[in-house]
């Protein structure tokens, strides 16, 4: 029997960062659906939260699913479900996503960070958050050449 414990912090946003995941009650419905769907697909989501234009998930990867397949299953099914509800909005996820490995020693910090998204984004926008991560970790955005 295989035993796998690879923690990944995923972040994905709405297309063009449109703030369609408001109000909070709408996010709760979406997040509850994502959690239920993930269980059915045997994707273990430890923590899930977000704000008006993005979602954070802390996931323990399964031995059978890659990072790209895991996020595809979450994003694809959730937008399909959302768009068949009577929310009066259309949800389209940005093609890109952010995924970073998390060591066991940092799991609690990541859980708390994900849990505090509402409070966190009263002080800082998602764009500022992304720019801070890019700077902190020395990442570079690739832009299309004109």
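Rule-based calculations on the coordinates, nothing more; no lab input. A quick note: this is a predicted structure, and the numbers were derived from the prediction, not measured. We place every Cβ from the backbone using ideal geometry, glycine too, and count neighbours over all the protein chains shown.
Order of 21-32, 71-82 by packing, highest average Cβ count within 10 Å first? Mind showing how you got there, number by number?
On the way: 21-32: 14.2, 71-82: 17.2.
Put in order of decreasing packing, that is 71-82, 21-32.
Treat each spin label as a single point 7 Å out from the Cα along the C-beta direction, and report the residue 104 to residue 131 distance in nm.
Result: 3.9 nm between the two label points.
Given N residues in the chain, what is Rg(Cα) / (2.2 N^0.38 Å)?
Working: Rg = 15.3 Å, N = 146, 2.2 N^0.38 = 14.6 Å.
Ratio of Rg to 2.2 N^0.38 Å for the chain: 1.05.
Evaluate 2.2 N^0.38 Å with N set to the residue count of the range 1-59, then give the Cα radius of gyration divided by it.
Values: Rg = 12.9 Å, N = 59, 2.2 N^0.38 = 10.4 Å.
Dividing the Cα Rg of the range 1-59 by 2.2 N^0.38 Å gives 1.25.
Is it possible to state the helix-based mean residue ellipticity at 222 nm for the chain, with each DSSP H run of 4+ residues giving -39500 (n - 2.57), the sum divided by total residues, to the nearest 500 deg cm²/dmol? What is it?
On the way: 5 runs with 62 residues, N = 146.
Calculated at 222 nm, the ellipticity per residue is -13500 deg cm²/dmol.
So how do 7-13, 42-48 stack up, highest first, on mean other-Cβ count within 10 Å?
On the way: 7-13: 19.4, 42-48: 16.3.
Result, highest mean first: 7-13, 42-48.
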